[in-house]
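Down below is the structure, laid out as structure tokens.
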Amino acid sequence: MIANAKAGAKRRGTPTARSRQPSGSRKWSKQVMERSDAMDLKTGVFKLKSGRAIARSLKKSSEASKRRKSSPFRSAMSMLNFEINRAGKNLSQERLRVLNEAKMELRKVFGRAP
């Protein structure tokens, strides 16, 4: 009877899949930005100073890309959101403001409602 109780009980203290990963493999998002086939972006596009310049560059890149699987607008917005989420807490308030401004400008240049 004790053997059956042990067999059905969950084992505690065993490492989960996440904790077994080496620390170097946790930065998968950097590899996505560097090697993704989703879209070819101009180097440094997210470092541009104005939201309008970022939006125009993303629009140009998404329309020119032959490797995207979605509409140009969705691809561009997806890359912009990915950059915002990837940077996370490391983004300054000013940089976050510029990137959010770029989202609004991106909607404008594609003729989408806000």
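The values are calculated or read from the model by the stated rules, or taken from the named source; none is laboratory data. Bear in mind that the values here come from a model prediction, so they are computed numbers and not experimental data. Note that we place each Cβ from the backbone using ideal geometry, even for glycine, and neighbour counts take in every protein chain shown.
If we keep just the residues of segment 72-94 that are within 22 Å of Asp40 (Cα to Cα), of a type outside the set (Gly, Ala, Ser) and surrounded by fewer than 18 Cβ atoms within 10 Å (Cβ to Cβ), which is modelled with the lowest pLDDT?
Arg86
Of all residues in segment 35-47, which are more than 20 Å from Arg95 (Cβ to Cβ) and either at pLDDT 90 or above or charged (D, E, K, R) (or both)?
Arg35, Asp37, Asp40
Right, Ser50: touching an Asp or Glu at 6+ places or on another chain (Cβ under 8 Å) and either at pLDDT 90 or above or among the basic types (Lys, Arg) (or both) or not?
When the stated conditions are applied, Ser50 passes them.
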